[in-house]
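*Asks:* One structure follows; several queries about it will come next.
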Amino acid sequence: MSAQTQSHQKPSCIFIIAGEASGDLHGGNLAAALFKKDSSLQIVGIGGPAMKKAGVEMVFDSAHLGIVGLAEVFPKILSLWKGYRIAKSILTTKADLLVIIDFPDFNLSMAKIAKGLGLPVVYYIGPQLWAWRKGRIKTVAERVDKMLVIFPFEEELYREAHVPCEYVGHPLIDEAVPFLEQPFSKSDYLKSKGWDAAPTTLGLLPGSRESEIKRHLPVMLKGIEMLSSKMPGLQILIPVAPTISIDLIRDLTQSSSFPIHLVEGEIYSVLRAS
């Protein structure tokens, strides 16, 4: 092939689909690494702010797809259908490779479409088959060309099922460790936010989906009420995931009798201050 012909080839298009906040974070880091290797790549995606910040052309916000259990399918059926149609259109018209991150119910259905179209499918951070629904590994074997797993023992699990697999390490090691190795002063952090550095500080992580938070946070707060009777002077920090409206957290915490401070992001700072 001549150099002139090569120069007119369209850049390869990678379609990344990530669910909730953690998947978006890992998708953003993956996209940034891919762009660093090849700046001519075209990467489109379903995800959130981390993928968008990395330069991914966002076609749908994964916040509209987050569901837990069958009961939550019906209220979001229109959003799910819209996301499905957009994803199918991208697979049919643009994508050269599908990369799916966690989020198995939606992503495995997309993988089936991609395989039907002859597109290769890579699954990065697959479902925790070793913990639940082990029978799903047969579906993965039928629809996924390669697994990129984050725990060493997962590699053997997939290879026994004849799924090409590579252990790539846990992305949180790359994301968290450099931050956690930096000098950090709890009192300086709290003071910089205008908060009291003296009380016992407790971090709450209620989740990254609206339904999780509505279920978890009220129970957590009841627990804190019980704890505060034995440990007066508690203050609470809640890092708000980018997929969640901070107003939702405010509504759920406004009647609390102890100080609650909301932080958008900054999860590792909250962990270190807690």
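The values are calculated or read from the model by the stated rules, or taken from the named source; none is laboratory data. What you see is a predicted model; the values in this text were computed from it and never measured. Neighbour counts are summed over all protein chains in view; Cβ atoms, including those assigned to glycine, are modelled from backbone coordinates with ideal geometry. Protein only, heavy atoms only, side chains kept; ligands, DNA and RNA dropped before computing areas. Shrake-Rupley method; radii C 1.70, N 1.55, O 1.52, S 1.80 Å.
*Asks:* Do you know the relative contact order of the chain, to the nearest whole percent, from alpha carbon pairs under 8 angstrom that are 6+ apart? Don't jump to the answer; show the numbers that get you there.
*Replies:* On the way: 424 pairs, mean separation 37.5, N = 274.
Value for the chain: 14 percent.
*Asks:* Follow-up question, since we're still on this one. Positive end of the dipole of segment 84-168, charges at C-beta (+1 Lys, Arg; -1 Asp, Glu), about the Cα centre: which of 167, 135, 117 has its Cα farthest in that direction?
*Replies:* Of 167, 135, 117, it is 117.
*Asks:* Taking 8 Å as the Cα distance limit and 6 or more residues as the minimum spacing, I'd like the relative contact order of segment 136-274 as a percentage. List each step's numbers first, then the result.
*Replies:* Numbers: 163 pairs, mean separation 29.4, N = 139.
Value for segment 136-274: 21 percent.
*Asks:* Rounded to the nearest 10 Å², what accessible area does residue 12 show when all protein chains are kept and the probe is 1.4 Å?
*Replies:* That residue has around 70 Å² of solvent-accessible surface.
*Asks:* Computing the accessible area with a 1.4 Å probe over protein heavy atoms, can you report the carbon and sulfur percentage for the chain? It would help to have the intermediate numbers written out before the result.
*Replies:* On the way: 8400 of 14780 Å².
Its accessible area is 57 percent carbon and sulfur atoms.
*Asks:* Suppose all protein chains stay in the model; what accessible area per residue would a 1.4 Å probe give for the chain, in Å²? Present the calculation step by step, with values, prior to reporting the outcome.
*Replies:* Details: 14780 Å² over 274 residues.
Accessible area per residue, the chain: 54 Å².
*Asks:* Would you list, by chain and number, the aspartates and glutamates whose Cα falls below 19 Å from the Cα of residue 138, excluding same-chain residues fewer than 8 positions away?
*Replies:* The reachable aspartates and glutamates, counting only those whose Cα sits under 19 Å from residue 138, are 102, 105, 154, 155, 156, 160, 166.
*Asks:* Report the paramagnetic label zone for residue 229: residues of segment 204-219 whose backbone N is under 13 Å from a point 7 Å from Cα along the Cα-to-Cβ axis.
*Replies:* Those under the cut-off are none; the list is empty.
*Asks:* Can you tell me the alpha carbon radius of gyration of the chain divided by the globular rule-of-thumb value 2.2 N^0.38 Å? The partial results should precede the final answer.
*Replies:* Working: Rg = 21.3 Å, N = 274, 2.2 N^0.38 = 18.6 Å.
Here the answer is 1.15, to two decimals.
*Asks:* Can you compute the label reach from residue 172? Point 7 Å from Cα along the Cβ direction, backbone N cut-off under 14 Å, restricted to segment 12-56.
*Replies:* 21-23, 25-26
*Asks:* Oh, and also: Using only the alpha carbons of segment 147-258, determine the length spanned along each of the three principal axes and report them from longest to shortest in whole angstroms.
*Replies:* 56, 35, 28
*Asks:* First select every other residue whose beta carbon is under 14 angstrom from the beta carbon of residue 112; then total the charges, Lys and Arg +1, Asp and Glu -1.
*Replies:* +2
*Asks:* Please compute the length gained on full extension between residue 57 and residue 198, using 0.36 nm multiplied by the number of residues separating them and subtracting their Cα-Cα distance.
*Replies:* Stretched fully, the residue 57-residue 198 segment lengthens by 46.3 nm.
*Asks:* Let me ask something else about it. Among 267, 243, 150, which residue has its Cα positioned farthest towards the positive end of the charge dipole of the chain, with +1 placed on the Cβ of Lys and Arg, -1 on the Cβ of Asp and Glu, and the dipole taken about the Cα centre?
*Replies:* 243
*Asks:* Follow-up question, since we're still on this one. Cα-based Rg of segment 116-171 per 2.2 N^0.38 Å, rounded to two decimals?
*Replies:* Values: Rg = 10.7 Å, N = 56, 2.2 N^0.38 = 10.2 Å.
Dividing the Cα Rg of segment 116-171 by 2.2 N^0.38 Å gives 1.05.
*Asks:* In addition: Given the Cα-Cα distance of residue 141 and residue 12 and 0.36 nm per residue of separation, how much length would full extension add, in nm?
*Replies:* Details: separation 129, 0.36 × 129 = 46.44 nm, distance 2.50 nm.
Value of the extension gain: 43.9 nm.
*Asks:* Then there is this: Of 115/146; 94/146; 53/82; 52/115, which ones are farther than 18 Å apart at the Cα? Kindly include the intermediate steps, with their values, before the conclusion.
*Replies:* Numbers: 115/146 12 Å; 94/146 21 Å; 53/82 23 Å; 52/115 26 Å.
Over 18 Å apart, Cα to Cα: 94/146; 53/82; 52/115.
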